[in-house]
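Okay, so here's the structure we're looking at.
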Amino acid sequence: MDAEIRQKLIDTAKRAAKNAYCPYSGYAVGAAVLTDDGNIYDGCNIENASYSLTICAERVALFKAIADGHKKITAVCVYSDGGKLPYPCGACRQTLSEFAEDACVVVTDGKEEIRTTLNALLPNKF
Ligand code: THU
């Protein structure tokens with residue numbers, strides 16, 4: 001992925017993490033997805049007192065893109081400086097894979113930066 005776009009995704013995800021609603025975990029996450037036509041959508045995690053209704057930052061960003069008419073994504077960045085690297089959970093990997101042939105994935109806490117792909121994170125997807 002182009003370095004400039006990667007930086008833009010990281011900046012967007014970092015900014016989005018500020019809007020996280022995470023009173024139960026205290027773990028704020030921001031995400032940014034890049035659509036195949038070059039648009040960027042952001043998202044943050046949104047928790048709920050009924051814990052299982054929580055939605056991750058990645059799916060919020062993805063669903064914003066889809067609801068806006070963009071059904072293919074080519075990259076995703078996940079940011080959290082909450083103490084551990086925010087690798088996408090299994091549910092997010094599967095959900096993202098519905099809308100990507102493959103995608104670049106950047107996982108960062110602002111210091112460490114992991115670059116991988118969705119297919120590497122979710123091999124043999126259904
Ligand atoms: N979370 C995300 O938003 N994305 C991830 O990649 C990992 C986990 C959220 C869900 C929950 O609000 C909090 O982080 C703790 O699990």
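Note on the chain: with a GNM built from Cα contacts shorter than 10 Å, the maximum mean-square fluctuation among K71, K14, K84 falls on K84.
Put the Cα centre of segment 58-74 next to the Cα centre of segment 24-55 and the gap is 11 Å. Between the amide H of T74 and those of L34, T35, D36, distances stay under 5 Å, these residues lying 5 or more places away or on another chain, with hydrogens modeled in the peptide plane.
Ranking of E112, E4 by solvent-accessible surface, largest first: E4, E112 (1.4 Å probe, protein heavy atoms only, all chains present). Karplus-derived 3J(HN,Hα) values for segment 102-111, using 6.51 cos²θ - 1.76 cosθ + 1.60 with θ = phi - 60°, are 8, 8, 5, 10, 10, 10, 8, 10, x, 10 Hz; glycine and proline are entered as x. Take the Cα of D102, step 7 Å toward its Cβ, do the same at R115, and the gap between the two points is 1.4 nm.
Total lysine pairs in the chain at Cα distances under 22 Å, for residues eight or more apart or on different chains: 16.
Full extension of the chain between D2 and S52 yields a length gain of 14.4 nm, computed as 0.36 nm times the residue separation minus the alpha carbon distance. Counting only DSSP beta bridges whose two residues both lie in segment 3-121, roughly 75 percent are antiparallel. In the chain, the ratio of gyration radius to Kirkwood radius, Rg to Rh, stands at 0.94 when only Cα atoms are counted.
Each residue of segment 18-34 was assigned a 3J(HN,Hα) from its phi angle through the Karplus expression (A = 6.51, B = -1.76, C = 1.60, θ = phi - 60°), giving 5, 8, 4, 10, 9, x, 8, 8, x, 9, 8, 10, x, 9, 9, 10, 10 Hz with x at Gly and Pro. Averaged over residues, the count of other Cβ atoms within 10 Å places the peptides 28-39, 45-56 in the sequence 28-39, 45-56, highest first. Each other residue within a Cβ distance under 10 Å of V107 adds +1 if Lys or Arg and -1 if Asp or Glu, for a net charge of -2.
The values are calculated or read from the model by the stated rules, or taken from the named source; none is laboratory data. Since this is a predicted model, take the numbers as computed values, not measurements. Every residue, glycine as well, gets a Cβ built from its backbone with ideal geometry; the counts of neighbours run over all protein chains shown. We work out accessible area using only protein heavy atoms, side chains counted, and drop any ligands, DNA or RNA first. Shrake-Rupley method; radii C 1.70, N 1.55, O 1.52, S 1.80 Å.
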